There are 2 protein chains.
Amino acid sequence: MKVVCAAERQRIHYPHSFLVNGAQQPNPEVPERIDRLLDAARVGGHEIREADDHGLAPIAAVHTPEYVHFLQHIYERWARIPGASAEVIPNIHPDRREASYPLSAVGQAGYHMADTACPIGPDSWEAIYWSASTAATAAGLVRDGASAAYALCRPPGHHAFADLAGGFCFVNNAAVAAGLLRDKHARVAIIDVDLHHGNGTQGIFYRRGDVFTLSIHADPARFYPFFWGHAHERGAGAGLGCNLNLPLPRGSADAAFLEALDHGLERVAAFAPGALVIALGLDAFEGDPLGGLAVSTEGFGQIGRRLARLGLPTAIVQEGGYLCAALGDNLIAFLAGFEAG
Amino acid sequence: MKVVCAAERQRIHYPHSFLVNGAQQPNPEVPERIDRLLDAARVGGHEIREADDHGLAPIAAVHTPEYVHFLQHIYERWARIPGASAEVIPNIHPDRREASYPLSAVGQAGYHMADTACPIGPDSWEAIYWSASTAATAAGLVRDGASAAYALCRPPGHHAFADLAGGFCFVNNAAVAAGLLRDKHARVAIIDVDLHHGNGTQGIFYRRGDVFTLSIHADPARFYPFFWGHAHERGAGAGLGCNLNLPLPRGSADAAFLEALDHGLERVAAFAPGALVIALGLDAFEGDPLGGLAVSTEGFGQIGRRLARLGLPTAIVQEGGYLCAALGDNLIAFLAGFEAG
């Protein structure tokens, strides 16, 4: 498997703040995640290559210019506010995207950040940009003929909407990858197996009929991201019927996950996509610190195997999965399962 | 002037948390505000009476049952979460009101709280309820024949939407008052002279043609509440043309404020309302700690005088205005101006 990374440039984003139930906790989206995953890719015998610089175009294809400009410049604007926090953290939010757009940094932070789990520091944009270029490089390899490629993206992306950061995510790397694959294929599917609903990905494609979005995740009725990922959300307009959410009860293990996946894969097949993006979170693992599901290492192998059987050109994009003893083993198991599928 | 209050019951809400530019500050919406205002009402020679218990009906008339239930029960639910903060503070927010509604306390907190300036503690609901009953009592007096009455409401209300708290506000007391006046009058106007845009009041009546909302405030392009209060927001549907925002540049003083008010009063007169609600913030004062405008004590007298000249039955509802030497004097000046008008 071709593995794409930009380790040094992705590592410099180091978020600290993370508000959980109103209380401050250490942010688990740490640079060390890259090392664990990269080491695993090496151990797994995969071919590692550096990301190419794809510029802003793949980002601009799925995000608004207001939002891209915000991500590029908000830290320097925030740092000029007397007494402001060391990281950009929002404190007021509009009731809808159509609300008026303010000029101030504080107002724009609330407009473009859904939660307090995506603080922006001095080096965040550089890492965000290279995470997107990593996804674009892997998707470009697939578009140009590779059967599959894995993008070791960090920060992750699937909670980022077209104009809204959230949940450790800023630019939606899976959407970036789907955008490149759309250059060649009329219909692309995104399958999100992260513990959390891929709400940003859903949001970006919710009214589009050319990209099918499937997400299997812990039931958001009592789990992040709460407002999105419910089974009744089916897409709208030209995208009606092109979004499928399969929420699972907390603690669900391999059998329940694989049963949902089999059902989802039938629906994906009925969409007849020409290419696939896998939003690969590894936090559905039974030992993950954010633990909401109980997928085993062997289970990740099974998930990879079944996804490969779609027989589609596939870009695999790293999403969540936090520091634990088995993080690397789970990546190895998934990629081995996919290659054996 | 009849002055209505429920001082002991409104005093027990004591919010502590207040995030400004990402940094924690003391919350300025303190119980002592009641004492300053009540002392001033006594000094001004006004007739002070205790609020009657108006029950939930006036609140339910302008807020959703989801939201009322949330306000009633969220603190006890929050307190059961291991490791949660001492007050209810939201950390994730939906992109729109139509997003799916979660079951969990954390999800509902983000759904029903727009910002981090409205923490909910153990006694908040009791104070919120009596603040609304204070507004209902004053409006009831006016509906039943009094020419005017002043409701000493605390916590304030004008940032609260039908299903959303924000900016120290939970139940929209001015909207509650307008609801009671609508029992008798086909058209009611609300004039908001608080430093901040009355975004919740605007939101509640945005699509209604029977309640005109006028707000004069510091320009929200760079001031709270940021996403609302811009001049182009005119109402929608049946309410198109029934909302008027007159944002002023930061630092505007009496002359600019009174000029805007004169313009606004012409528009209110063209609506031919049968009754008036004044959302009386005193934080447009030049010495207010949240200072964004520079209205003088004499200026508040002028504002009161001009509002009285509409010649309408009028409920005056207290909104913002924070601890400073002149808080009481400004109330006295406003009420004296109104009575002399």
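The values are calculated or read from the model by the stated rules, or taken from the named source; none is laboratory data. Only a predicted model underlies this, so the values are computations on that prediction, with no experimental measurement involved. Positions of Cβ are backbone-derived with ideal geometry, glycine not excepted, and every protein chain shown enters the neighbour counts. We work out accessible area using only protein heavy atoms, side chains counted, and drop any ligands, DNA or RNA first. Shrake-Rupley method; radii C 1.70, N 1.55, O 1.52, S 1.80 Å.
Inter-copy label distances for residue A:325: 6.8 nm (label point placed 7 Å from Cα along Cα→Cβ; shortest first). Other residues lying with their Cβ under 14 Å from the Cβ of residue B:108 contribute a combined charge of +1, Lys and Arg counting +1, Asp and Glu -1. Residue by residue, region B:57-62 carries 3J(HN,Hα) couplings of 4, x, 6, 5, 5, 10 Hz when phi is fed to the Karplus relation 6.51 cos²θ - 1.76 cosθ + 1.60 (θ = phi - 60°); x denotes Gly or Pro. Report, to the nearest 10°, how far helix B:32-43 tilts away from the longest principal axis of the Cα atoms in chain B, using its own Cα long axis and a range of 0 to 90°. That works out to roughly 20 degrees. Computed from Cα positions, the angle between helix A:297-308 and the longest principal axis of chain A comes to roughly 80 degrees. Built from the Cα atoms of region A:150-226, the convex hull projects on average onto 5.1 nm², one quarter of its surface area. Extent along the principal axes, Cα only, for region B:43-112: 48, 30, 21 Å, with the longest axis given first.
Binning the alpha carbon pair distances of region A:234-305 at 5 angstrom intervals from zero yields the distribution 3, 14, 22, 24, 16, 12, 7, 1, expressed in whole percent. Diffusion coefficient (Stokes-Einstein, Kirkwood radius over C-alpha pairs, 37 °C, 0.692 mPa s) for region B:95-250: 203 µm²/s, rounded to a whole number.
Other residues with beta-carbon under 11 Å from the beta-carbon of residue B:181 carry, at +1 per Lys or Arg and -1 per Asp or Glu, a net charge of +1. An ellipsoid equivalent to region A:220-341, defined through the eigenvalues of its Cα gyration tensor, has semi-axes of 23, 20, 12 Å when rounded to whole angstrom and sorted largest first. Partners of residue B:2 within straight-line reach, counting lysines whose Cα lies under 29 Å from its Cα and excluding those fewer than 8 residues away in the same chain: B:184. Each other copy places its own label point for residue B:39 at 6.5 nm from this one, sorted shortest first, where the point lies 7 Å along the Cα-to-beta carbon line.
The angle between the Cα long axis of helix A:65-79 and the longest principal axis of the Cα atoms of chain A comes to about 50 degrees, rounded to the nearest 10. Association of chains A and B removes close to 3600 square angstrom of accessible area from solvent, both sides included, for a probe radius of 1.4 Å. Computing the accessible area with a 1.4 Å probe over protein heavy atoms, can you report the carbon and sulfur percentage for the protein assembly as shown? Result for the protein assembly as shown: 53 percent of the exposed heavy-atom area is carbon or sulfur. The ellipsoid that matches the Cα gyration tensor of the protein assembly as shown has semi-axes, each √(5λ) in whole angstrom, of 52, 23, 22, with the longest given first. Comparing A:242, A:324, A:118 in a Gaussian network model of chain A, where Cα atoms under 10 Å apart are tied by springs, the biggest mean-square fluctuation is seen for A:324. Residue by residue, region A:177-192 carries 3J(HN,Hα) couplings of 4, 4, x, 5, 5, 5, 4, 10, 10, 5, 9, 10, 10, 10, 10, 10 Hz when phi is fed to the Karplus relation 6.51 cos²θ - 1.76 cosθ + 1.60 (θ = phi - 60°); x denotes Gly or Pro.
The Rg/Rh ratio for region A:188-239, using Cα coordinates for both the radius of gyration and the Kirkwood hydrodynamic radius, is 0.95.
Across identical copies of the chain, residue B:183 has label-point separations of 6.8 nm, listed in ascending order, with the point defined 7 angstrom from Cα along Cα→Cβ. Rg/Rh, computed from the Cα trace of chain A with Rh as the Kirkwood radius, has the value 0.94. In summary, region B:194-276 shows an alpha-carbon radius of gyration equal to 1.04 times the 2.2 N^0.38 Å reference for compact globular proteins.
For region A:257-299, the residues whose amide N sits under 14 Å from a probe point set 7 Å from the Cα of residue A:340 along the beta carbon direction are A:297-299. Per-residue ellipticity at 222 nm from helix content only, as computed over chain B with -39500 (n - 2.57) for each DSSP H run of at least four residues, stands at -11000 deg cm²/dmol.
Is any residue of region B:170-210 close enough, with backbone N under 17 Å, to a label point placed 7 angstrom from the Cα of residue B:57 along the Cα-Cβ axis, and if so, which? Inside the label zone: B:176-185. Please compute the net charge surrounding residue B:70, taking Lys and Arg as +1 and Asp and Glu as -1 over other residues with Cβ under 10 Å from its Cβ. Value of the local net charge: -1. Percent of C-alpha pairs per 10 Å bin in region B:15-75, short distances first: 16, 23, 38, 22, 1.
With the alpha-carbon atoms of region B:269-341 aligned to their principal axes, the span from lowest to highest coordinate is 36, 20, 17 Å, starting with the largest.
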